[in-house]
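A quick write-up on the structure given underneath.
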Amino acid sequence: MKLNDIYESNSNWLKADDIKGSKPIVTIESAEVKENTYNGETKKQIVLKFAGKEKQLGLNFTNAARIAELTGTEDFDEWVGTSLKLYVERVKFQDKMVDAIRIFPELPGVPSPKHAGAALAEPMRPHDPNEEAPDATIGSDSDIPF
């Protein structure tokens, strides 16, 4: 039996295996700082809960910085209500290549400045979950049960 088989059903944490092969669009329901202990070391991290989803995503610095860039603010309380597209990418971690969850570099339904042909005068606005995103059907698996 593999470790993922053991921890899969009882984990409250979103893992790359939960979304591998898809690019779900999720909406941040809450964001808070929690202390988590890994290998005997306690560290703070921002933890996101998504609307309609059971599993939470603990952010590493890379993902937190990406969300801050997309929303125009480092104040994670202001991220609530923002929709994001998630994907899986291979990254180097502790001298091994592993799958990791990453935040897509554009907000769903908000055109990128390079695609729009003009720079934005203000930060991108969070996606309104009541609006249909133009790319919602392309590679989106919003119904993934996590």
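Bear in mind these aren't lab numbers, they're just calculated from the coordinates by the rules spelled out. Here the structure is a predicted model, which is why all the values come from computation and not from measurement. A quick note on method: Cβ atoms are made from the backbone with ideal geometry, for glycine too, and the neighbour counts reach across all protein chains shown.
Listing for the model above:
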item	result
Square roots of five times the Cα gyration tensor eigenvalues for segment 19-108, Å	20, 17, 13
Convex hull of Cα atoms in segment 20-72, direction-averaged projection (nm²)	4.7
Qualifying GluC sites (Glu not before Pro) for segment 45-94 [loop in DSSP, other Cβ within 10 Å: at most 12]	54, 74
Förster radius 30 Å - calculated FRET efficiency between residue 20 and residue 95 (Cβ-Cβ, nearest 0.05)	0.85
Label-point separation in nm, residue 80 to residue 12, each point 7 Å along Cα→Cβ	1.8
Cα-projected label distance for residue 38 with residue 55, points at 7 Å along beta-carbon direction, nm	1.6
